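The values are calculated or read from the model by the stated rules, or taken from the named source; none is laboratory data. Note that this is a predicted model, so its numbers are computed, not measured. A quick note on method: Cβ atoms are made from the backbone with ideal geometry, for glycine too, and the neighbour counts reach across all protein chains shown.
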Amino acid sequence: MTTSLTNVPDTQGRFGEFGGAYVPETLVAALAQLDSAYQTAMADPEFDREFNRLLTEYVGRPTPLHIANRLTKHAANKSASGKAATIWLKREDLAHTGAHKINNTLGQALLTQRMGKQRVIAETGAGQHGVATATACAHLGLSCEVYMGSEDVRRQRLNVVRMELLGAKVNRVDSGSRTLKDATNEAMRDWMGSVETTHYILGSVVGPSPFPRIVRDFQSCIGREAREQFLAATGKLPDTIVACVGGGSNAAGMFYPFIDDVSVKLVGVEAGGSGPALGQHAAPLCEGSPGVLHGSRSYVLQDSDGQTADVHSCSAGLDYPGVGPEHSYWKDTGRAQYTSVTDAEALDAFSITARCEGIIPALESAHALAHAIALAGEMNENEHLVVNLSGRGDKDVDEAARLLAE
Amino acid sequence: MNRIDQIFESAKTDGRKLLMPFVCGGRPSLDALPPMLVGLEQSGASIVEIGFPFSDPIADGPVIAAAMHQALLDGVTPTGLFEAIAKARSQLDLGIIAMVSMSIVGRMGLERFIADAKAAGIDGLIVPDSPQEESDDLAAAAREAGLTLTLLVAPTTTGERLERIVRACTGFVYLMARMGITGESSCPPEVQSRVEQIRAISDLPIACGFGISTPEHIASVTSSADAAIVGSALVRRVENAINNGEDATAEAIRFTEELAGGLSASC
């Protein structure tokens, strides 16, 4: 690789042919304002200090990185060679609210204050981003409304209770498929009429420019810490990094600080669901093709007329028909590889990680763990593989119990 | 000369203002589209915007979004719409604008979408989720095919950006009467100062939409703008008629006639 892949996006929000800002005119001024507030904040050491203070004192960063001994042994036992690479876990499940989502919501809540806005809106699928947004807003004294599909409200009732406890208003969305993409539509519609007083805290590295870049940057603390921690522990860099990809924010935050370390193999794991047919999975990078959804050009799952396809995953956080444009860029440049694991494989890894390590992972993170266990068994014994354990699985125990009983 | 340009030019010569209804393509059915277009023309519409149903229409309010959702459930496709429009074209003088998401245009391929639209007898395009910065290819392909491409001007669009947008438009400029998504309003929007701003930089006709729901609103906006666009108020009546088992086409025609009454009031 002769040029750095980290020097993206360009001024139009493009990551190669991906990204951009395909939004109604009403939102253009708001996105420009956000971009300008972000540039100013980045140039201001006070912003960095305040953000880092919150990450340290309030979120509990840095999160640990440690070897998963018994998971490594399990991988070796499953392997044809009887050997496996050492598996390490980056413990984002230990961040406040139980997932990496809080890194981004605090950063954007600070930007909201800088823009002089008092009201925040957000979309949520499983409810993790909604809870993280409600948390950041409660902590910083902002009013918060979260859009959530009525199907997800039913599936993730506990997170609705959490958001309401945190003082947020949860708006149920009954349009379309009543899931994450429809909640995103409603949040964008709200924002079009409320941009002057309201900031939209988008939860992943998706959407129109400048969101993919802002979310990636706020999540990059994950990869920066992991890199330093691994270097301090071993004196070298890991051989492979594995992270799950829905919209792709935990993976982008983990991968980005390693992009120029070309010896480090980066692997994103999508939701393979129940099968490879359109509608059975949520794997746009593996099974989709480039198109426009929710304001940016990226790999998407659409039918031949450009209508958004139905998606399925046992993990509500991965159940999304699009993916961040930078992942599409990394896929097409070959810098990262993308694969998928099925619901059944993820569920298996969910149970194994609980029993081997005493960690109940989120079903999202269980996708990364499933692939990591298989991949470690194909690697050399003296190699090292880091998994981003993006969230804890307490939210998933009802769903997992139901699926494991089937 | 493109039909849209001709329509505005002859209206200007005669001192007339124009009514531009928006219909959701495929509601109540594709078969109903040709007779509906003929009826709309007879009841006072000069240009009709046909919305191509899309699964995620973020710029549209609940009324149009629900109509689009239902059309998709009924199996309405861009190809089906092109065929229905082609059937109607020879019976019509009115201008036809396709209002379509970039997701649909991008999936079909820009060249093919524009070629098929032109072959069907469509005169111009509005791609509401493609702002000026993303519209260079679209504008070039539309110009090549002789179709107009209209971009939207929002209440927040100002200064140098307003000029860039207006310069990139062909056919007419779409002035949003208010912020937010498509939908009805109770009070008539105030657009005169915005119209004057655009007139100062362009000779293109100005059509005003968003929140325009009654003949009184039409009278108000067309006292300065050249045309009024009515979407949700009409779509709601069509959907109500469908739900009540009534003749939706007849209802669309009746309401368009009522709206057209607002035009004469402004003259």
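Hey, which of the strands (runs of 3 or more DSSP E) in the range A:141-240, taking only ones fully inside, have at least 3 residues that are away from chain B (no Cβ under 14 Å)? Even if it seems obvious, please write down each step before you answer.
Working: elements: A:143-149, A:169-173, A:198-200.
Once the strands (runs of 3 or more DSSP E) in the range A:141-240 are filtered for at least 3 residues that are away from chain B (no Cβ under 14 Å), what remains is A:143-149.
Inspect the range A:315-326 for any residue being part of a loop (DSSP other than H, G, I, E, B), in contact (Cβ under 8 Å) with a residue 60 or more places away in the chain, hydrophobic (A, V, I, L, M, F, W, C) and closer than 26 Å to A:Gly130 by Cβ and give the result as yes or no.
Step one: list which residues in the range A:315-326 are part of a loop (DSSP other than H, G, I, E, B), which gives A:315, A:319-321, A:323-324.
Imposing the further condition that a residue be in contact (Cβ under 8 Å) with a residue 60 or more places away in the chain reduces the set to A:315, A:319-321, A:323-324.
Those still in the list that are hydrophobic (A, V, I, L, M, F, W, C) too: A:323.
Applying the additional criterion that residues be closer than 26 Å to A:Gly130 by Cβ yields A:323.
Yes; the residues of the range A:315-326 include at least one that is part of a loop (DSSP other than H, G, I, E, B), in contact (Cβ under 8 Å) with a residue 60 or more places away in the chain, hydrophobic (A, V, I, L, M, F, W, C) and closer than 26 Å to A:Gly130 by Cβ.
Pick out the one residue from B:Ile96, B:Ile58 that is at pLDDT below 95 and at negative phi.
Details: B:Ile96 fails: at pLDDT below 95.
Answer to the selection: B:Ile58.
To keep it simple, each residue is scored yes or no on (1) surrounded by fewer than 24 Cβ atoms within 10 Å (Cβ to Cβ); (2) touching a residue at least 12 places away in the same chain (Cβ under 8 Å); (3) in contact with a strand residue (DSSP E or B) (Cβ under 8 Å, 6 or more places away or on another chain).
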| position | (1), (2), (3) |
| --- | --- |
| A:Pro208 | no, yes, yes |
| A:Gln219 | no, yes, no |
| A:Ala232 | yes, no, no |
| A:Val262 | yes, yes, no |
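Which condition from (1) at pLDDT 95 or above; (2) of a type in the set (A, V, I, L, M); (3) out of contact with any Pro (no Cβ under 9 Å at 6 or more places or on another chain); (4) surrounded by 22 or more Cβ atoms within 10 Å (Cβ to Cβ) is the one that A:Ala283 breaks?
(3)
Kindly state which strands (runs of 3 or more DSSP E) lie completely within the range B:118-219 and contain at least 1 residues that are away from every other protein chain (no Cβ under 14 Å). Let's see the steps before the verdict.
Numbers: elements: B:124-126, B:173-176, B:206-209.
Ranges flagged: B:124-126, B:206-209.
Does B:Ile253 fit the bill of being in a helix (DSSP H, G or I) and surrounded by 23 or more Cβ atoms within 10 Å (Cβ to Cβ)?
Here the answer is no, as B:Ile253 does not meet what is asked.
For a quick check of your reading: which helices (runs of 4 or more DSSP H) sit entirely within the range B:1-111 and have at least 1 residues that are buried (at least 24 other Cβ atoms within 10 Å of the Cβ) and within 14 Å of another protein chain (Cβ to nearest Cβ)?
Numbers: elements: B:3-14, B:33-42, B:62-73, B:78-89, B:102-108.
Qualifying helices (runs of 4 or more DSSP H): B:62-73, B:78-89, B:102-108.
State all residues of the range B:21-80 that are aromatic (Phe, Trp, Tyr) and farther than 14 Å from A:Gln307 by Cβ; if no residue qualifies, say none. Walk me through it before giving the result.
Of the range B:21-80, the ones aromatic (Phe, Trp, Tyr) are B:22, B:52, B:54.
B:Phe22 - this is the single residue of the range B:21-80 that is aromatic (Phe, Trp, Tyr) and farther than 14 Å from A:Gln307 by Cβ.
Go through (1) surrounded by fewer than 20 Cβ atoms within 10 Å (Cβ to Cβ); (2) away from every other protein chain (no Cβ under 12 Å); (3) over 24 Å from A:Gly13 (Cα atoms); (4) touching a helix residue (DSSP H, G or I) at 6+ places or on another chain (Cβ under 9 Å) and name the single condition A:Asp305 misses.
Every listed condition holds for A:Asp305 apart from (2).
Looking only at the range A:321-334, count every residue that is closer than 13 Å to A:Phe15 by Cα and surrounded by fewer than 24 Cβ atoms within 10 Å (Cβ to Cβ) and tell me the total.
Number of matching residues: 4.
Exactly one of these conditions fails for B:Val235: (1) part of a helix (DSSP H, G or I); (2) within 14 Å of another protein chain (Cβ to nearest Cβ). Give me its number.
(2)
Modelled with pLDDT of 95 or more and closer than 30 Å to A:Gly235 by Cα: is that true of A:Ala362 in this structure?
Working: modelled with pLDDT of 95 or more: yes; closer than 30 Å to A:Gly235 by Cα: no.
No; evaluated as a whole, the condition is false for this residue.
Can you report the number of residues in the range A:1-39 which are within 12 Å of chain B (Cβ to nearest Cβ), in contact (Cβ under 8 Å) with a residue 24 or more places away in the chain, in a helix (DSSP H, G or I) and among the small types (Gly, Ala, Ser)?
Residues that pass the stated criteria total 2.
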